[in-house]
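Peer 1: Have a look at the structure that comes next, please.
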Amino acid sequence: MICAFKKQKKISFLNVSTVNLEKNKIIKYIKDLDDNIFLAIISSVVPKSTILFKKLFKDHGISYYLARNLVKAYDIKTTLSDEKSIGDDRLINVIYGKHLFSSSVMIIDFGTATTIDVINEKGIYDGGVITPGIDLSLLSLKQCTAKLPLVKFQKTKNIVGKNTLEAIQSGFFWGYICMIQGLVKKIEENQKVKFGLILTGGNSTLFKGYFQNVIKIDEFFISKGLNFLINNLLIQE
């Protein structure tokens, strides 16, 4: 996703796939914003995406930061064994989540991967869980099974599908609900803490009303986190 902000306000966004980067579409979006772009931040766990955006911003004379360098400026208290292995997206979610809610928070991100990141009752980043993302899994199902269709993820009332399409939709929608509910329950039992849940990522709004103790649903959470990071940096400078 590409997201543009004016101070704290989101003014526009463009959804782009990491699987199939639409370069011309991205160039048009940047050109349309060109006169208004003061600074850019690149946050990607896909190297080819990072290379593409670095070149595009350079070609358009736009200064940029890499998210990893912004994250380094923050002292993240953590119990992780290897913080360097954690993706920028997860660290940004943690920094912004802690800024907003301080402690006892789980950030559930329905992105390319579905991730759960845990900020414990002491405000320390405790690690998390990574599972395959919804859209990526649907694409993989289509690619690896010749007769199954590519299905768009959506809500479904019926748990037992009456045809192949309904069965896949049910399996993914209710399957992810049950998986997240089960993981949240296990983590809470393990830590003996009740957590507030933040839901984010492109599919997050579809899960409204299906989990307890949700304190925020915002598909632009990571984009707002990046904007928070850069604004803090500019204030310090």
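Peer 1: Inspect region 74-83 for any residue being modelled with pLDDT of 80 or more, among the small types (Gly, Ala, Ser) and either within 17 Å of the chain's Cα centre (by Cα) or surrounded by 12 or more Cβ atoms within 10 Å (Cβ to Cβ) (or both) and give the result as yes or no.
Peer 2: Scanning region 74-83 turns up no residue that is modelled with pLDDT of 80 or more, among the small types (Gly, Ala, Ser) and either within 17 Å of the chain's Cα centre (by Cα) or surrounded by 12 or more Cβ atoms within 10 Å (Cβ to Cβ) (or both).
Peer 1: If I filter region 203-215 for residues that are in contact with a Ser or Thr (Cβ under 8 Å, 6 or more places away or on another chain), buried (at least 17 other Cβ atoms within 10 Å of the Cβ), under 20 Å from residue 94 (Cα atoms) and modelled with pLDDT under 95, do I get at least one hit?
Peer 2: Kept after step one, since they are in contact with a Ser or Thr (Cβ under 8 Å, 6 or more places away or on another chain), are these residues of region 203-215: none.
No, that holds for no residue.
Peer 1: Residue by residue through region 42-82, note down the ones that are in contact (Cβ under 8 Å) with a residue 12 or more places away in the chain and part of a helix (DSSP H, G or I). Talk me through it step by step, then tell me what you get.
Peer 2: Narrowing region 42-82 to residues in contact (Cβ under 8 Å) with a residue 12 or more places away in the chain: 42-46, 48-50, 52-54, 56-57, 60, 62-68, 70-71, 73-74, 76-80.
48, 49, 50, 52, 53, 54, 56, 57, 67, 68, 70, 71, listed by residue number.
Peer 1: Need the failing condition index for residue 47 against (1) under 21 Å from residue 201 (Cα atoms); (2) at pLDDT 70 or above; (3) surrounded by 15 or more Cβ atoms within 10 Å (Cβ to Cβ), just the number.
Peer 2: Every condition holds for residue 47 apart from (3).
Peer 1: Restricting attention to region 180-192, report how many residues are surrounded by fewer than 14 Cβ atoms within 10 Å (Cβ to Cβ) and of a type outside the set (S, T, N, Q).
Peer 2: Matching residues across region 180-192 total 5.
Peer 1: Same structure again: Pick out the one residue from 123, 202, 127 that is in a strand (DSSP E or B) and in contact (Cβ under 8 Å) with a residue 12 or more places away in the chain.
Peer 2: 127
Peer 1: While we're here: From the list 116, 124, 134, 177, exactly one residue is touching an Asp or Glu at 6+ places or on another chain (Cβ under 9 Å), assigned by TED's automatic domain parsing to the domain that holds residue 209 and not charged (D, E, K, R). Which is it?
Peer 2: 116
Peer 1: Just to be sure before I move on: is residue 98 in a helix (DSSP H, G or I), within 18 Å of residue 214 (Cα to Cα) and of a type in the set (D, E, K, R) in the structure I sent? Outline the logic, then answer.
Peer 2: Numbers: in a helix (DSSP H, G or I): yes; within 18 Å of residue 214 (Cα to Cα): yes; of a type in the set (D, E, K, R): yes.
It is true that residue 98 is in a helix (DSSP H, G or I), within 18 Å of residue 214 (Cα to Cα) and of a type in the set (D, E, K, R).
Peer 1: Go through region 144-154 and give me each residue that's within 26 Å of the chain's Cα centre (by Cα) and either surrounded by 15 or more Cβ atoms within 10 Å (Cβ to Cβ) or within 17 Å of residue 113 (Cβ to Cβ) (or both).
Peer 2: 151, 153
The values are calculated or read from the model by the stated rules, or taken from the named source; none is laboratory data. Predicted, not measured: the structure shown is a model, and the values here were computed from it. Cβ atoms come from the backbone with ideal geometry, glycine included; neighbour counts cover every protein chain shown.
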